[in-house]
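What follows is calculated from the coordinates using simple rules that are stated; it is not laboratory data. Values in this document were obtained by computation on a predicted structure and should not be read as measured data. In this analysis, Cβ positions are derived from the backbone assuming ideal geometry, glycine residues included, and neighbour counts consider all displayed protein chains.
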Amino acid sequence: MKHRTIIEPFRIKSVEPIGLSTEAERIGQLKEAHYNPFLLQSKDVIIDLMTDSGTGAMSAHQWAGIMEGDEAYAGSRSWIRMEQAVQDLTGMQHVLPTHQGRAAERIIYGHLGGPGKVFISNTHFDTTRANIEFTGATAIDIPIAEGQDPALQHPFKGNMDVGVLDQLLKQHKGHVGAVILTVTNNSGGGQPVSLANAEGVSSICRRHGVPFMLDCCRIAENSWFVQHREAGMEHTAYREIARRMFALADGAVMSAKKDGMVNMGGFLALRDQALAEACTNLLIITEGFTTYGGLSGRDMEAIATGLEEVFDPHYLEYRIRSTTFLGEKLHELGVPLMRPIGGHAVYIDAKALYPHIPPHEYPGQALVCELYRLGGIRSVEIGSVMFGTYAEDGSLRPARMELVRLAIPRRVYTQSHIEYVAETFEEVMRTRQEVRGFRIVKEPRFLRHFTAHFEGL
Ligand code: F0G
């Protein structure tokens, strides 16, 4: 018999209580947090879908590894295990351990960047862009056109526009720092990148002699999509698909807090020895010695195990299908979404949900607050609060889209938690006309979404 029900392919061995609250309590908590979910306390949150980064549950095998961790300053056994796990997966000889993804980004893009340099990506994640721009370089996003229409169905909306890439590499000849393919494309809706697209990007980069980097923090999830959606790939194992993608690149940056299945960690992997040596100098100055970087021995042990577990076909099937399960339930309720559903998150089109709230009244922020008031669900606005800027006359230059992200932590929530989220959306849909927008009453100069204060209109 083939079952419809997706079961979590694990038993729960240790539990963490969730504090339940009433709507009246949550209204008070929202007010105290100035209607900004980043200012809520996690003890008050019922279902936390703020991020899938570092929020996953480790396996019994990983926890056992925590005790096995070798905390030697140099030549730690746990480092040897992690180094081998990364070399085996990426096929890259030089591995630099870092405390998280952005530390690896700072090292490699700090070295390759600088004023006048240009970096090109399907979409730079915020920390990637920030690390590049901090060096004085420019970051250009070139997703395919299909990736920019929320409702349009396309199997690989995370792909890079290779035609535009070729033109840009000619135009910026001699000034390109690197080309970066983010798999899956987080800022573009968690959408996958095909192997064919990665091959196209790789051959154009080779032809122009520019480094090709993979941002591989969700590479296992991306491999699931390749196996299930790309012609001819249906019999290739997930790990093999990942290996083939790595084989096309010159280097990789990973935040292990995603598909590394750990709460903290990352790495930079490189093929070229001279480049690796230059980066190793920066690693030692800012992160730590070469055999631990920014990590404890126990963290490295957990990463080595996490990188194996994440390619388990039963885990990946559960992971992608349970994200889709939430997305399809919301779609049935008529909630406007980014489609098809991505790997780690469901993205809601708040502009379409609340057409009566204009971008300068932040429809995404309104939905984030509604989800918390109605269900204690924490999510993140990815729209004009995060990316909006001000014109000379003080008016808001809105973001391209007004999205809200529901990111699913790995191995943390069960099907009933997800059904609770869907049920909350029934009420969101029923009361959508009554919802009003917000205005910002206090904001910092940079990355305002983290600390801004809001007031309801
Ligand atoms: N690259 C991508 C594609 C990411 O999604 C992230 C983090 C990073 C790099 C940086 O890694 O946090 O370990 O320094 N994304 C998290 C998120 C924060 O919520 O999507 P980090």
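Every residue in the range 171-185 that is of a type outside the set (A, V, I, L, M, F, W, C) and touching a residue at least 24 places away in the same chain (Cβ under 8 Å), please.
His172, Lys173, His175, Gly177, Thr182, Thr184, Asn185
Check whether at least one residue in the range 178-190 is away from the ligand (no atom under 16 Å from the Cβ) and part of a loop (DSSP other than H, G, I, E, B), and report yes or no. Don't jump to the end; show me each part of the working.
Of the range 178-190, the ones away from the ligand (no atom under 16 Å from the Cβ) are none.
Taking every residue of the range 178-190 in turn, none turns out to be away from the ligand (no atom under 16 Å from the Cβ) and part of a loop (DSSP other than H, G, I, E, B).
Test Met401 against the stated conditions and say whether it is of a type in the set (A, V, I, L, M) and farther than 27 Å from Phe125 by Cα.
Against the criterion (of a type in the set (A, V, I, L, M) and farther than 27 Å from Phe125 by Cα), Met401 does not qualify.
Can you report the number of residues in the range 386-405 which are within 16 Å of the ligand (Cβ to nearest atom) and surrounded by 24 or more Cβ atoms within 10 Å (Cβ to Cβ)?
3
Please enumerate the residues belonging to the range 84-93 that are under 23 Å from Glu309 (Cβ atoms) and either surrounded by fewer than 24 Cβ atoms within 10 Å (Cβ to Cβ) or within 12 Å of the ligand (Cβ to nearest atom) (or both).
Gln84, Ala85, Gln87, Asp88, Leu89, Gly91, Met92
What helices (runs of 4 or more DSSP H) lie completely within the range 342-423 and have 2 or more residues being aliphatic (A, V, I, L, M) and within 18 Å of Glu443 (Cβ to Cβ)?
363-375, 384-387
Restricting attention to the range 94-133, which residues are farther than 18 Å from Pro211 by Cβ, surrounded by fewer than 24 Cβ atoms within 10 Å (Cβ to Cβ), touching a helix residue (DSSP H, G or I) at 6+ places or on another chain (Cβ under 7 Å) and of a type outside the set (Lys, Arg)?
Thr127
For the range 437-446, how many residues are surrounded by 12 or more Cβ atoms within 10 Å (Cβ to Cβ) and in contact (Cβ under 8 Å) with a residue 40 or more places away in the chain? So that I can check it myself, show each step before the final result.
Pass one, the range 437-446, residues surrounded by 12 or more Cβ atoms within 10 Å (Cβ to Cβ): 437-440, 442-443.
This time we only want the ones that are in contact (Cβ under 8 Å) with a residue 40 or more places away in the chain, so: 437-440, 442.
Residues meeting the conditions: 5.
Being at positive phi and not aromatic (Phe, Trp, Tyr) is the requirement here; does Gly260 meet it? Please lay out each step first, then the result.
Details: at positive phi: no; not aromatic (Phe, Trp, Tyr): yes.
So Gly260 does not fit the description; no.
Out of everything in the range 41-62 that is more than 16 Å from the ligand (Cβ to nearest atom) and assigned to a helix (DSSP H, G or I), what residue ends up being nearest to the chain's Cα centre (by Cα)?
Gln62
With Phe134, Phe125 as the choices, which residue is of a type in the set (A, V, I, L, M, F, W, C), more than 20 Å from the chain's Cα centre (by Cα) and within 16 Å of the ligand (Cβ to nearest atom)?
Just a single option satisfies the conditions, and that option is Phe134.
I need the full set of residues from the range 424-443 which are touching a Phe, Trp or Tyr at 6+ places or on another chain (Cβ under 8 Å) and part of a loop (DSSP other than H, G, I, E, B), in order please. Don't jump to the end; show me each part of the working.
Initial filter on the range 424-443 (touching a Phe, Trp or Tyr at 6+ places or on another chain (Cβ under 8 Å)): 432, 435, 437-441.
Of everything in the range 424-443, those that are touching a Phe, Trp or Tyr at 6+ places or on another chain (Cβ under 8 Å) and part of a loop (DSSP other than H, G, I, E, B) turn out to be Val435, Gly437.
Return the residues of the range 223-258 that are among the polar types (S, T, N, Q) and in contact with a Cys (Cβ under 6 Å, 6 or more places away or on another chain); say none if nothing qualifies. Write out each step before concluding.
Within the range 223-258, the subset among the polar types (S, T, N, Q) is 223, 227, 236, 255.
Across the range 223-258, the qualifying residue is only Ser255.
For the range 222-244, name all the residues that are charged (D, E, K, R) and touching a residue at least 24 places away in the same chain (Cβ under 8 Å).
Correct list: Arg229, Glu230, Arg239, Arg243, Arg244.
Select, from Arg81, Arg102, the only residue that is among the basic types (Lys, Arg) and either in a loop (DSSP other than H, G, I, E, B) or within 12 Å of the ligand (Cβ to nearest atom) (or both).
Arg102 is the lone residue from the list that is among the basic types (Lys, Arg) and either in a loop (DSSP other than H, G, I, E, B) or within 12 Å of the ligand (Cβ to nearest atom) (or both).
Restricting attention to the range 408-444, which residues are among the charged types (D, E, K, R) and under 24 Å from the mean Cα position of the chain (by Cα)?
Matches in the range 408-444: Arg410, Arg411, Glu419.
Right, His344: more than 16 Å from the ligand (Cβ to nearest atom) and touching a residue at least 60 places away in the same chain (Cβ under 8 Å) or not?
In short, no.
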